[in-house]
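Q: Below: one structure in structure tokens.
The values are calculated or read from the model by the stated rules, or taken from the named source; none is laboratory data. Here the structure is a predicted model, which means the values were calculated and not measured. Don't worry about glycine lacking a Cβ; one is built from the backbone with ideal geometry, like all the others, and counts go over all protein chains shown. In case anyone asks, the SASA skips ligands and DNA or RNA and just uses the protein heavy atoms, side chains included. Shrake-Rupley method; radii C 1.70, N 1.55, O 1.52, S 1.80 Å.
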Amino acid sequence: MEKKKMAYTEFTIEGRNAVMEAFRSGKTIDKLYVLDGCQDGPVLNIKREAKKHDTILKYVTKERLDQISETGKHQGVIAVAAAYEYASVEDILGAAREKGEDPFLILLDNIEDPHNLGAVIRTANLAGAHGVIIPKNRAVGLTAAVARTSAGALNYTPVAKVTNLAKTIEELKKQGLWFVCADMSGTVMYQVDLKGPIGLVIGSEGEGVGRLVKEKCDMTAAIPMKGDIDSLNASVAAGVLAFEIVRQRGFN
């Protein structure tokens, strides 16, 4: 069952009244830039609202706000809204149940490049993954660039944002999933059993998967490489491993 999501028409929101109204109306705000040191009552109210909604707060200089601003009327606050609504992890599991399939999830750690995230979402859709999970911190959200790079896949592949990726993996293990982490020092992927309810964990090209997240994974899988450089782009690695999962699960 295809489930369309509602795209937001604006991606940055500027000015105290506009930002507060965005929070109150239920818009998904990924990040809030606030003038460092500002103690005005309306700005303090906005900060409280942001914390209530678990929004990332960034304290910046007036010069930085002026650089980000498109209107020149930011009044010390600029909110960055998600280009698409986030799903919940339960939405993703529900999509697998609706199709009568074992869950296949792609989890991303330390991915800050919007083009990488967009490309992974596109790959997830084509590989039949039921959804993508990203962490709140040190990760790009569903920006306009991500939406464009996904080439429409965001309309069909749900993306959930979680506070703690390691804890989410623990909770999903209790529901029968097991997790494989992409790692150059792991077992060659052809020798790893990638069937059944699975979560594929991918890290950034430079940092890889964080230690705490890697420790929660059941297995590590390496992509065999013969070249002179030592790593693949994160979205390419995700594609190679995702389609090895497709191969092992069959093409039904």
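Q: Out of the range 106-127, which residues are open to solvent by 30 Å² or more (accessible area, probe 1.4 Å) and without any contact (Cβ under 8 Å) to a residue 60 or more places away in the chain?
A: Result: P114, R122, N125, L126.
Q: Which members of the range 16-58 meet the condition of being farther than 20 Å from V140 by Cβ and hydroxyl-bearing (S, T, Y)?
A: Answer for the range 16-58, where residues must be farther than 20 Å from V140 by Cβ and hydroxyl-bearing (S, T, Y): just S25.
Q: May I pose another question? Out of curiosity, is G186 within 17 Å of H115 (Cα to Cα) and either at pLDDT 90 or above or touching a Ser or Thr at 6+ places or on another chain (Cβ under 8 Å) (or both)? Please lay out each step first, then the result.
A: On the way: within 17 Å of H115 (Cα to Cα): no; either at pLDDT 90 or above or touching a Ser or Thr at 6+ places or on another chain (Cβ under 8 Å) (or both): yes.
Against the criterion (within 17 Å of H115 (Cα to Cα) and either at pLDDT 90 or above or touching a Ser or Thr at 6+ places or on another chain (Cβ under 8 Å) (or both)), G186 does not qualify.
Q: Also: Just to be sure I understand, how many residues within the range 129-146 are modelled with pLDDT of 85 or more and either farther than 26 Å from P197 by Cβ or more than 13 Å from the chain's Cα centre (by Cα) (or both)?
A: 5
Q: Among the listed residues K214, K226, which satisfies the condition of being part of a loop (DSSP other than H, G, I, E, B), open to solvent by 20 Å² or more (accessible area, probe 1.4 Å) and of a type in the set (D, E, K, R)?
A: Values: K214 fails: part of a loop (DSSP other than H, G, I, E, B).
Result of the check over K214, K226: K226.
Q: Looking only at the range 69-96, filter to residues that are touching a helix residue (DSSP H, G or I) at 6+ places or on another chain (Cβ under 9 Å) and open to solvent by 60 Å² or more (accessible area, probe 1.4 Å); which one of those is farthest from G176 (Cα to Cα)?
A: G72
Q: Within the range 232-252, track down each residue that is surrounded by 15 or more Cβ atoms within 10 Å (Cβ to Cβ) and within 21 Å of the chain's Cα centre (by Cα). I'd like the intermediate steps shown before the answer.
A: Let us first name the residues in the range 232-252 that are surrounded by 15 or more Cβ atoms within 10 Å (Cβ to Cβ), namely 232, 234-242, 244-246, 248-249.
Hits for the range 232-252 are L232, A234, S235, V236, A237, A238, G239, V240, L241, A242, I245.
Q: Still on this structure: Kindly provide the set of residues from the range 175-211 that are in a strand (DSSP E or B) and of a type in the set (A, V, I, L, M, F, W, C), ordered by number.
A: W178, F179, V180, C181, A182, M184, V188, I198, L200, V201, I202
Q: Now for a separate question. Quick one: would you say D54 is out of contact with any Asp or Glu (no Cβ under 6 Å at 6 or more places or on another chain), modelled with pLDDT under 90 and of a type in the set (D, E, K, R)? Even if it seems obvious, please write down each step before you answer.
A: Details: out of contact with any Asp or Glu (no Cβ under 6 Å at 6 or more places or on another chain): yes; modelled with pLDDT under 90: yes; of a type in the set (D, E, K, R): yes.
Yes.
Q: Taking the options K161, K167, name whichever one is open to solvent by 20 Å² or more (accessible area, probe 1.4 Å) and either under 21 Å from E244 (Cα atoms) or at pLDDT 95 or above (or both). Give the derivation first.
A: On the way: K161 fails: either under 21 Å from E244 (Cα atoms) or at pLDDT 95 or above (or both).
Just one listed residue meets the conditions, K167.
Q: Given (1) within 12 Å of the chain's Cα centre (by Cα); (2) closer than 19 Å to D30 by Cβ, where does I106 come up short, assuming only one miss?
A: Result: I106 passes all but (2).
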